[in-house]
1. Quick one: is Leu124 surrounded by fewer than 19 Cβ atoms within 10 Å (Cβ to Cβ) and at pLDDT 95 or above?
2. For residues that are of a type outside the set (A, V, I, L, M) and surrounded by 14 or more Cβ atoms within 10 Å (Cβ to Cβ), tally how many sit in the range 65-77.
3. In the range 4-46, what count of residues is obtained for those that are closer than 27 Å to Arg173 by Cβ and either among the aromatic types (Phe, Trp, Tyr) or in contact with a Leu (Cβ under 8 Å, 6 or more places away or on another chain) (or both)?
4. Quick one: which residue in Gly56, Gly50, Gly77 is touching a helix residue (DSSP H, G or I) at 6+ places or on another chain (Cβ under 8 Å), modelled with pLDDT under 95 and on the phi > 0 side of the Ramachandran plot?
5. From (1) surrounded by fewer than 19 Cβ atoms within 10 Å (Cβ to Cβ); (2) at pLDDT 95 or above; (3) in a helix (DSSP H, G or I), pick out the condition that doesn't hold for Gln172.
6. Going residue by residue through the range 133-140, is there one that turns out to be of a type in the set (A, V, I, L, M, F, W, C), surrounded by 12 or more Cβ atoms within 10 Å (Cβ to Cβ) and more than 15 Å from Leu194 (Cβ to Cβ)?
7. Can you name the residue in the range 179-198 that is free of Cβ contacts under 8 Å to residues at least 40 places away in the same chain and under 18 Å from Ala156 (Cβ atoms) and, of all such residues, is nearest to the chain's Cα centre (by Cα)?
8. Are there any pairs with C-beta distances below 8 angstrom linking a residue in the range 144-166 that is under 14 Å from Arg130 (Cα atoms) to a residue that is small (Gly, Ala, Ser), with the two at least 6 apart or on different chains, and if so which?
Amino acid sequence: MPELPMFPLGTVLLPHMALPLHIFEPRYVSLIEDVVAGDGEFGVTLIARGHEVGGGDVRHDIGTVAKVVRAEELDDGRWVVIAVGTRRIRVQRWVAEEPYPLADIEELPDPEPEPGTAALLADLEPQLRRSLAMLTDLGEEGVPSTFELSDDVLRASWQAAIVIPFTPYDAQRVLETDSCRERLLLTTSLVADLEETLAFRYDG
């Protein structure tokens with residue numbers, strides 16, 4: 001099992017999702033220095049309990065590999081980094097916490113879409129647009145309802161979850177889905193719940 005530097009966070013990184021980071025804690029400065037000097041990859045997992053600063057947190061096992069696409073070191077030693085999620089992983093064992101978290105991981109497959117999955121996506125897309133339009137009407141900043149999903153159904157199944165502001169708990173549920181169909185069904189259910197909540201805000 002390969003070892004991977006790990007960055008536990010209070011947010012979920014999904015495949016194909018951008019991750020901006022402002023890094024100043026010494027151990028994560030060390031992490032990003034090693035990552036940039038190496039293959040540019042590190043793992044991200046959601047913190048279930050505790051805080052990302054100082055350790056002592058409880059982390060979810062399912063996470064995502066992040067690939068650095070831009071990194072800049074500032075004069076005071078801080079880093080500004082933009083990474084993108086690439087593929088899912090499972091943490092098999094936490095190896096070390098110093099100088100930064102390191103884990104044995106296994107990569108999780110993302111199978112090709114099952115028959116009928118494209119139809120699920122086609123049904124979900126207008127639902128996404130309605131929800132995003134409602135959020136805009138309510139003064140929430142986010143993805144415009146004019147967004148375009150990829151023609152690749154597998155990639156689009158992740159994009160559909162990225163454009164909606166899910167809670168970390170719900171985003172983690174999406175991340176842990178093992179198939180495109182399961183992911184789209186869960187996203188459809190979560191967006192329906194969001195629409196119901198937004199409707200109450202309209203009425204209020």
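1. no
2. Counting residues in the range 65-77 that are of a type outside the set (A, V, I, L, M) and surrounded by 14 or more Cβ atoms within 10 Å (Cβ to Cβ) gives 2.
3. The number of residues fulfilling the criteria is 19.
4. Among Gly56, Gly50, Gly77, only Gly77 is touching a helix residue (DSSP H, G or I) at 6+ places or on another chain (Cβ under 8 Å), modelled with pLDDT under 95 and on the phi > 0 side of the Ramachandran plot.
5. Looking at each condition in turn, Gln172 falls short on (1).
6. no
7. Arg183
8. Cβ pairs passing all conditions: Ser145/Ala133; Val163/Gly142; Ile164/Ser131; Pro165/Gly142.
The values are calculated or read from the model by the stated rules, or taken from the named source; none is laboratory data. Computed from a prediction, not measured in an experiment: that's the story for all the values here. Reconstructed Cβ throughout: ideal geometry from the backbone, glycine too, with neighbour counts over all protein chains shown.
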